[in-house]
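Student: Dropping the structure in here first, questions after.
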Amino acid sequence: MNFRKGLAMACVLTCSAVLAGSKSTAEEGWVPFTKDELHAYLSGKTQVWDPNGGAYYAPDGTLDTLWDGAREGGTWSVTSNGALCWHVASWGELECEAYFHVGNDVMYSYYGETGLASERQDGNTLDALAAGTGLVLDIDREFLTPDEAMNLVSGHTEFFGDDGAIYYASDHTMTTVWNGVRHSGTWSIDDDGGVCWDVPAWGEEPCRQYYEGEESLMVLHKGRDFSAEDFSVGDATTQF
């Protein structure tokens, strides 16, 4: 799966929530980066999205990216309200990713998802990433086991903000709703404890891996870490 496709799949549940997400994070005390702060934060750095990808932000505004072994180039820019924008011809038009100061942490908001900003490394380290050497993420994740993941989701509804939810039925069927649009499919747990969706309307979707963060349940999805949403017992999708 290439990076552009991964971003497109993120839209299935989150595209329409990005503006609302930015508003809510501001209300919770998230302080947006300034344009100069964000440029200094990224310039000359490589962001490691996960072991399969990353992006190098050259000081001259050029962009070098890697995803599943494929390299693509383009440019990058930052907006006056502290958002990062990628300009790569084959990716099409993408939402810009907003950055915030939250205490001592740097957080992002992108297509409605929020979480810790990706690991940064000095210089262009994409060659080492492509070779599978020399790159170690600082995040220490201990993912839920298959049994723990099963107990977390089976028979429960997972909420995605105020606009959507997924119900994981105990027979491994699933019901989804987002902005009033409903889909059905199936779910499973892989050998690594990942929660995997199979919804024909969405196409290929990577599995979600949950782990306990310092303050809350976290999830790794599409190479990004963010806070997991709330769960409740039973099918709560009917309330949307």
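Student: Net charge within 14 Å of Val177 by Cβ-Cβ distance, Lys/Arg positive one each and Asp/Glu negative one each, not counting Val177 itself?
Tutor: On the way: positive: Arg182; negative: Glu158, Asp162, Asp163, Glu229, Asp235.
Its environment carries a net charge of -4.
Student: Moving to a separate point now. Less than 12 Å Cβ to Cβ from Glu158, Lys/Arg counted +1 and Asp/Glu -1: what total charge do the surrounding residues give?
Tutor: On the way: positive: Arg208; negative: Glu229, Asp230, Asp235.
Summing Lys and Arg as +1 and Asp and Glu as -1 gives -2.
Student: Right, next: What does the net charge come to around Gln239 if you take all other residues with beta carbon closer than 14 Å to its beta carbon, with K and R at +1 and D and E at -1?
Tutor: Once positives and negatives cancel, what remains is -4.
Student: Loop only per DSSP, at most 16 neighbouring Cβ atoms within 10 Å: give me the GluC sites (Glu not before Pro) in region 133-205, ordered by residue number.
Tutor: Within region 133-205, the qualifying GluC sites (Glu not before Pro) (loop, at most 16 other Cβ atoms within 10 Å) are Glu142, Glu204.
Student: Can you find, among Thr176, Pro206, Gly155, the residue sitting farthest towards the positive end of the charge dipole of region 146-239, where Lys and Arg contribute +1 and Asp and Glu -1 at Cβ?
Tutor: Of Thr176, Pro206, Gly155, it is Thr176.
Student: Using a Förster distance of 35 angstrom, determine the FRET efficiency expected from the C-beta separation of Thr238 and Asp105, and round it to 0.05.
Tutor: Once the sixth-power term is evaluated, E becomes 0.45.
Student: Then there's this: Work out from phi, with θ = phi - 60° and the Karplus expression 6.51 cos²θ - 1.76 cosθ + 1.60, the ³J(HN,Hα) of each residue of region 59-75, listed in order in whole Hz, and give x for Gly and Pro.
Tutor: Per-residue couplings from phi come out as x, 7, x, 7, 10, 10, 10, 9, 8, 6, x, 9, 9, 9, x, x, 9 Hz.
Student: Convert each backbone phi in region 198-206 into a coupling constant with the Karplus relation 6.51 cos²θ - 1.76 cosθ + 1.60 (shift: θ = phi - 60°), then list the ³J(HN,Hα) values in order as whole Hz, x for Gly and Pro.
Tutor: Computed from phi, the couplings for region 198-206 are 10, 10, x, 5, 9, x, 5, 9, x Hz.
Student: Can you list the residues, at least 5 places off or on another chain, whose amide H is less than 5 Å from the amide H of Gly44, using H built in the peptide plane?
Tutor: Distant-sequence amide H within range of Gly44: Tyr57, Ala58.
Quick note: the coordinates plus some simple rules give every number you see, no bench work behind them. Just so we're clear, the structure is a prediction, and the values are computed from it rather than from any experiment. Reconstructed Cβ throughout: ideal geometry from the backbone, glycine too, with neighbour counts over all protein chains shown.
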